[in-house]
Amino acid sequence: MKATATLKFKENILKWDNAAFYLIDKDSYARPEQLMDYDAVIIDASDQEYTRLLLRRFRAHHNSSLYLKPIYLVNYKEQTDVFINELIDGIIYFPEQITEKINEISELKQRITHLDTDPGHTFESQLIKKVLAFLYTREKKSIKPLPYVYSSIGYTYPVLSVNFEPFEEFRVLDILSWAENENIIWPDFVDRVYFCNNCKNGHLVYREICPSCDSANIKSQDLIHHFPCGYIGPVSDFRNTIDSTMNCPKCSKNLRHIGVDYDKPSIINHCQNCNEVFQDYIVKAKCIHCKHDTDVQYLLAKDINAYKLTKKGRHAATSGFIGERNEKEDEIFGAVNQKTFQTMLYYETERVKHNISANIQLCGLQLENIFDLTRKFGKSKEKAFLTELVQIIREQIKTMDFINITNPSMILICMADSSPETANELMQRISDKIKDLIANNFNGFSIVTEFKTESLKKDISFEKQIHNLSTFLVQSND
Ligand SMILES: [Zn+2]
Ligand SMILES: [Zn+2]
Ligand SMILES: [Zn+2]
């Protein structure tokens, strides 16, 4: 073991064997973006809540070099928080252990280089790609639900759930069913949970209540059937205030043996609020979140599954996957779908091949953190928003130019008969207008954009050119 005397953090930084560690403790804090270049981050976990918050900032980040960052904890005492445990790469007990992590970190970095860089084409696929990348780099092949008190549905899938606020945890289940439908993961039943049908929260209080006044203030007692005289009444009719013997109120005989001279055929309920006497109560569940009170039969039931990666899922992290998409649903006025875009590009490429003077520009506009915005929308609002983006682009380009926005974080535009300089200017203007629109309409939300224009090439296929263009844009932001 190396001498520990030299193992000291200077202003929260430790450099060892070409690896740089950053220690986040109570006295120092940097935004995750500022820690991009460190090989690993060490968090002082004395405060569990703060640790959870920091882990969220990293693991929910849209930038892969942050959400895949090796993170270790020091001073993590309780070690019982399943959410924290699943999102860290290890716990450090002695300073010497830091240097022992260097191999592990470089292997992890190596695995990161295998990852497919296509950011995903929808909110769902982008999230699942994050999960798959995390699992791949950590050499894991399954996602398990863990009972968790801070989850609104009672269970958490940390690598996926970290992208959602605890109260929107039910959306995690929607993403998982999406991935199951895409044949990326394979379910294994674990439990069934029930949600409020109003807000989909799982924090419910169950009560037996009176059918006439809804009060939970009911008293139940056994009903007694006295065989000799046939009297049926609640057990309180047979009791006296002096001793524990029971006498029939009708024939005054002592009750002897259950099953011999009397029986308890059922129970009877008495509402202390409205005095109603009844046999069957109603079970209602009150949502602690939205206070909605509902008959249990109307609660939403959801299966909680553990998931294994399918073969497709195991390969998806490194080779990408194409989500099967409902083209109609995705059509945005003013834009063309992926298939049409490709067909049109095919003809443009042919035009370039046969006409030397043809000048066609292929432009990619990356809206890097668009999903941080649209994840808050519903499907219809998202569509209206994308339509608006397309209109802004259309105002700048010619009628014969065409747009594809299948993936909102990577908008593709083909500009016919345009010089590279003009296309670049237009893209700059489009990018500025989109930034303004978003900042003005969404509380100053700052969209991170990056664009690139290239003349349509004739020596490589347009598919390849699009792929290279997207990859360039994605990586230039890392
Ligand atoms: Zn009542
Ligand atoms: Zn009797
Ligand atoms: Zn509710």
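The values are calculated or read from the model by the stated rules, or taken from the named source; none is laboratory data. All values derive from a computational prediction rather than experimental measurement. Cβ atoms come from the backbone with ideal geometry, glycine included; neighbour counts cover every protein chain shown. Surface areas here come from the heavy atoms of the whole protein model, side chains and all, with no ligands, DNA or RNA. Shrake-Rupley method; radii C 1.70, N 1.55, O 1.52, S 1.80 Å.
Data for the structure
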| quantity | calculated |
| --- | --- |
| Residue that is farthest from ligand 3 (Cβ to nearest atom) [pool: residues in the stretch 192-213 that are part of a strand (DSSP E or B) and in contact with a helix residue (DSSP H, G or I) (Cβ under 8 Å, 6 or more places away or on another chain)] | 206 |
| From 69, 109, residue being outside any helix (DSSP H, G or I) and over 19 Å from residue 148 (Cβ atoms) | 69 |
| The stretch 78-94, residues that are at pLDDT below 95 and open to solvent by 70 Å² or more (accessible area, probe 1.4 Å) | 78, 80, 93, 94 |
| Neighbours by Cβ (under 7 Å, 6+ apart or cross-chain): first from the stretch 263-281, of a type in the set (Gly, Ala, Ser); second within 16 Å of ligand 2 (Cβ to nearest atom) | 266/223 |
| Elements of type strands (runs of 3 or more DSSP E) in the stretch 262-347, at least 3 residues being at pLDDT 90 or above and away from ligand 1 (no atom under 16 Å from the Cβ) | 262-271, 282-287, 300-309 |
| Within the stretch 294-321, tally of residues that are in contact (Cβ under 8 Å) with a residue 60 or more places away in the chain, open to solvent by 40 Å² or more (accessible area, probe 1.4 Å) and either among the acidic types (Asp, Glu) or away from ligand 3 (no atom under 16 Å from the Cβ) (or both) | 6 |
| Positions within the stretch 1-32 being open to solvent by 30 Å² or more (accessible area, probe 1.4 Å) and either modelled with pLDDT under 80 or among the hydroxyl-bearing types (Ser, Thr, Tyr) (or both), in sequence order | 1, 2, 3, 4, 5, 6, 8, 27, 29 |
| Residue that is farthest from ligand 2 (Cβ to nearest atom) [pool: residues in the stretch 225-250 that are in a loop (DSSP other than H, G, I, E, B) and of a type in the set (Gly, Ala, Ser)] | 244 |
| Meets criteria (at pLDDT 90 or above and not aliphatic (A, V, I, L, M)) for residue 125 | no |
| Helices (runs of 4 or more DSSP H) contained entirely in the stretch 348-460, each with at least 3 residues that are in contact with a Cys (Cβ under 7 Å, 6 or more places away or on another chain) | none |
| Residue check for residue 215: within 16 Å of ligand 1 (Cβ to nearest atom) and among the small types (Gly, Ala, Ser) | yes |
